[in-house]
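What follows is one structure encoded as structure tokens, with my remarks underneath.
FYI, it's all coordinate maths here, none of it is from the lab. Note that the structure is a prediction, hence the values are computed from the model and not measured. Here the Cβ positions follow ideal geometry from the backbone for every residue, glycine too, while neighbour counts run over all protein chains shown.
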Amino acid sequence: MTAQKGKDLLLKIDVDDVGSFETVAGIRSRQLSFNAETVDATDSESAGRWRELLAGAGLRSASLSGSGIFKDASSDEKIRRQFFDGLITPWQIIIPDFGVMEGLFQITSINYSGEHNSEIAFELTLQSAGQIAFTAV
């Protein structure tokens with residue numbers, strides 16, 4: 001993957017629960033993380049007493065964080081409703097020249113901030129709530 005503009009990484013939410021994804025407005029920075037826990041399968045007969053891992057047995061998860069400003073009251077309401085209702089909703093993450101990640105996520109934190117002479121900003125974190133599908137470009 002060659003260098004890409006950060007603004008080209010898109011975060012989209014399913015706005016009508018039937019697969020109509022809409023870009024969450026005003027996101028200025030985003031970070032996507034994947035994690036895989038390990039399962040230790042070491043026993044007394046492990047060669048040289050080196051740790052052995054059980055392939056494919058650990059818990060996998062994805063988290064996504066972002067910050068920005070609300071474009072309008074509608075985008076603010078969508079995000080706020082997701083958090084306060086504890087909804088688990090389909091989201092898409094589009095990574096240019098790499099692929100599209102899609103799956104269920106829940107907003108696990110949201111922070112609001114503002115300065116006297118500036119706009120209100122927010123930061124949010126999403127955690128995966130099921131299998132993540134990947135489609136390569």
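Between Gly58 and Val39, the built amide H atoms are under 5 Å apart, and every one of these is 5 or more places off in sequence or on another chain.
Backbone amide hydrogens, once placed in the peptide plane, bring Ala121 within less than 5 Å of Ser113, Gly114, excluding anything fewer than 5 places away on its chain. Would you calculate the separation in nanometres between label points at Leu59 and Asp17, each defined as 7 Å from the Cα along the Cα-to-beta-carbon direction? In this crude label model, Leu59 to Asp17 measures out at 2.7 nm.
To the nearest ten degrees, helix 73-84 and the longest principal axis of the Cα atoms of the chain are 40 degrees apart.
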